[in-house]
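Student: I'd like to ask you about the structure that follows.
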Amino acid sequence: MRLSNSGDTAALEAMFRDDSAGSGGAEGSEYGVDELVLTADDLGLTSFMVPDEYTVVTLSITGGDEDYVETVRFVDGTFCFHVPRQRVGAEITVSMTIKQVYDDEDEYEEYVVLSGTKTLVAGAGCQFSIAVKTPMPADFVPVDGDLYMCVHEVADSEYGKYCDYVYGADWRGYYSGEDYLDPARGQGEPPVYHVSWYDALVYCNLRSINEGLAPCYSIGGKTNPSEWAGIMTGSYGKPLGPDSNASSWDNVTVDTSKNGYRLPTSAEWERAAKGGPANDSFRYSGSNSIGSVAWYSSNSDNRTHFTEMKAPNSLGLYDMTGNVAEWCWDKSASSSARVYRGGSFSSSTTDCRITSKKSSSPSSRLYTVGFRIVRKAD
């Protein structure tokens, strides 16, 4: 049995089904499993996030005969919980959060590796049916149907959590704006840039895997970027895409039915820029007055600026026009280059129009181009 952090519901069901007659959960028993043991392999974590002595997991069960919350530390390759037995027919909610925790005299730090909530209903023979509910991040808004888009461009800090920059890209700082957070909003971070279309694929799948979502991108049948041929390691030891065009990466496939993160298609990007169902008729995303919604050539001082400093469009999306241009999934109509949209801090008003499209090699790392991500609701 293996629980993968891409939402393997069959494995989760197996963990909450007792197959031994000796522990009170045999076929036909009134109660379900009373012990749950998770090994490192069961967690299905990627090679970039291997459990160690700093890994802790919290398991919470509510709604059954007896509520249960316990936090344990990873010891000898195993997490072990003694779970109160649940009555067949009871609807219970199981929440699991896996964290890396560092606590010493100088610094305390913790961050979530994997988190998810499952609703289970016990059936005959202690079988469970499962509805997977993965919380949508607070900074994502609905665009149309079940598609959600992040309100801001991927920030430098978000990208750096999973991926690296190409060696020698420290000059990136030259184009970083030095403005402060807007005290009226308390929002904003520098957007990532000088990242290729390939780099964006790595980020999307790594973030999906580490948040317990099903990755959308596959190369050679594999969704874990650590297994993609030609993946590079940056100057700080984190992964990034190849620095030249790669045929295997150009043959990447996308499964938009998965709930992981991905780049929007060009059509999805334009739909969002126009306000989704509102279908705004503005030249720029949110306004006909470019200065109110965008950092562009006339007001940017040729630098990026913190996200969320200009006015959003009607969906609450910031910087769809200007600041950095944004990679999309699509190939250019005339080549294998990939499309980017929205214009940047160095773009003219014409190139910032919603309808404007440009493209570049998927391996290009341009100081004017970053990206924004979308994901499907469960």
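The values are calculated or read from the model by the stated rules, or taken from the named source; none is laboratory data. Keep in mind it's a predicted model, so treat the numbers as computed, not measured. Backbone-built Cβ (ideal geometry, glycine too); neighbour counts: all protein chains shown. These area figures cover heavy atoms from the full protein model, side chains too; ligands, DNA and RNA do not enter into them. Shrake-Rupley method; radii C 1.70, N 1.55, O 1.52, S 1.80 Å.
Student: Which of (1) modelled with pLDDT of 95 or more; (2) closer than 23 Å to Pro190 by Cβ; (3) assigned to a loop (DSSP other than H, G, I, E, B) does Tyr367 not meet, given it meets every other one?
Tutor: If we test Tyr367 against (1) modelled with pLDDT of 95 or more; (2) closer than 23 Å to Pro190 by Cβ; (3) assigned to a loop (DSSP other than H, G, I, E, B), just (1) comes out false.
Student: Within the range 215-225, track down each residue that is more than 18 Å from Val166 (Cβ to Cβ) and either in contact with a strand residue (DSSP E or B) (Cβ under 7 Å, 6 or more places away or on another chain) or crowded, with 23+ Cβ neighbours inside 10 Å (or both).
Tutor: Listed by number, the residues that qualify are Pro215, Cys216, Tyr217, Ser218, Thr223.
Student: Another question about this same structure. Could you list, ordered by first residue, the pairs with Cβ atoms under 6 Å in which the first is in the range 231-245 and without any contact (Cβ under 8 Å) to a residue 60 or more places away in the chain and the second is open to solvent by less than 60 Å² (accessible area, probe 1.4 Å) and assigned to a strand (DSSP E or B), at least 6 apart or interchain?
Tutor: Ile231/Pro239
Student: So which of Met320, Met309 ends up being open to solvent by less than 10 Å² (accessible area, probe 1.4 Å) and either farther than 18 Å from Val252 by Cα or over 20 Å from the mean Cα position of the chain (by Cα) (or both)?
Tutor: Met320
Student: Is it true that Gly275 is of a type outside the set (D, E, K, R), over 30 Å from Asp243 (Cα atoms), open to solvent by less than 10 Å² (accessible area, probe 1.4 Å) and touching a residue at least 24 places away in the same chain (Cβ under 8 Å)?
Tutor: yes
Student: Please pick out the residue among Thr321, Thr307 that is part of a loop (DSSP other than H, G, I, E, B), in contact (Cβ under 8 Å) with a residue 12 or more places away in the chain and in contact with a Pro (Cβ under 8 Å, 6 or more places away or on another chain).
Tutor: The unique qualifying residue is Thr307.
Student: Restricting to the range 229-272, name every residue that is of a type in the set (Asp, Glu) and either open to solvent by less than 50 Å² (accessible area, probe 1.4 Å) or assigned to a strand (DSSP E or B) (or both).
Tutor: Asp250, Glu268, Glu270
Student: Which numbered condition in (1) closer than 23 Å to Phe306 by Cβ; (2) touching a residue at least 12 places away in the same chain (Cβ under 8 Å); (3) open to solvent by 10 Å² or more (accessible area, probe 1.4 Å) is the only one that Ser289 fails?
Tutor: Only one criterion in (1) closer than 23 Å to Phe306 by Cβ; (2) touching a residue at least 12 places away in the same chain (Cβ under 8 Å); (3) open to solvent by 10 Å² or more (accessible area, probe 1.4 Å) is unmet by Ser289, namely (2).
Student: Further question on the same structure: Mind checking which residues of the range 217-228 are within 16 Å of the chain's Cα centre (by Cα) and assigned to a strand (DSSP E or B)?
Tutor: Tyr217, Ser218
Student: Continuing with the same structure: Given the conditions (1) open to solvent by 10 Å² or more (accessible area, probe 1.4 Å); (2) under 24 Å from Pro190 (Cβ atoms); (3) under 21 Å from the mean Cα position of the chain (by Cα), which single one is not true for Asp330?
Tutor: It fails just one condition, (2).
Student: Scanning the range 277-305 for residues that are within 24 Å of Ala200 (Cα to Cα) and at pLDDT below 95, which turns out farthest from the chain's Cα centre (by Cα)?
Tutor: Top of the filtered list is Asn302.
Student: Being open to solvent by 40 Å² or more (accessible area, probe 1.4 Å), closer than 27 Å to Ser208 by Cα and of a type in the set (D, E, K, R) narrows it down to one of Asp378, Asp351, so name that one.
Tutor: Selected residue: Asp378, the only one of Asp378, Asp351 that is open to solvent by 40 Å² or more (accessible area, probe 1.4 Å), closer than 27 Å to Ser208 by Cα and of a type in the set (D, E, K, R).
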